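The values are calculated or read from the model by the stated rules, or taken from the named source; none is laboratory data. Because the structure is a prediction, the values reported are computed rather than measured. Here the Cβ positions follow ideal geometry from the backbone for every residue, glycine too, while neighbour counts run over all protein chains shown. Accessible surface is based on the protein model in full, side chains and every heavy atom, while ligands, DNA and RNA are left aside. Shrake-Rupley method; radii C 1.70, N 1.55, O 1.52, S 1.80 Å.
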Amino acid sequence: MTDNRLGVVGSWCGRILGCLILGVVTGCASTPSVMLDRAIIRNATAQRMTDVRVLHKPTNRIGAVTALLPGRELDLGFPRQAMLATHGDVSWTDGEGVKHERVLALPTVSSGLSAKSTYTLVYTLEKSGGATVVLVP
């Protein structure tokens, strides 16, 4: 009678090792970051906006300007870096003195974008009090 315990232990260790490798590979395969080198806040209205501010969460990075003239934009350039934020809290006061606040989800690579490209993050503030954010190559 042969002792088959070594085969059972070897098979069991192989399964555990396979599960560990699979866990490490899938755990490290996170969504690649979008790379940015510019951010733009665009006033798409015919009114002067004041106290324009974008706060990125959870990084707490802020872009702000005291006044943004009609049809103009604030263009911020910076060294290429990964976009670590998940959403932007946008606020401004329109020409009639009405305060607007919007929370916008930021686009990701999973939105069909290439992780190898560098993008510009463009916020557009609209007359209706709406706001959008897109990535432009």
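So here's what we get for this one:
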{"read-out": "Residues being open to solvent by 30 Å² or more (accessible area, probe 1.4 Å), out of contact with any Lys or Arg (no Cβ under 7 Å at 6 or more places or on another chain), under 15 Å from Val52 (Cα atoms) and not acidic (Asp, Glu) - total across the range 68-104", "value": "8"}
{"read-out": "Output for the range 117-137, where each listed residue is assigned to a loop (DSSP other than H, G, I, E, B) and without any contact (Cβ under 8 Å) to a residue 24 or more places away in the chain", "value": "Ser128, Pro137"}
{"read-out": "Among the residues listed as Asp89, Asp75, the single one being within 16 Å of the chain's Cα centre (by Cα), among the charged types (D, E, K, R) and either modelled with pLDDT of 95 or more or within 14 Å of Ile41 (Cα to Cα) (or both)", "value": "Asp89"}
{"read-out": "The listed residue being outside any strand (DSSP E or B), among the small types (Gly, Ala, Ser) and open to solvent by 60 Å² or more (accessible area, probe 1.4 Å), out of Ala64, Ala46", "value": "Ala46"}
{"read-out": "Positions within the range 79-104 being among the small types (Gly, Ala, Ser) and assigned to a loop (DSSP other than H, G, I, E, B), in sequence order", "value": "Ala85, Gly95, Gly97"}
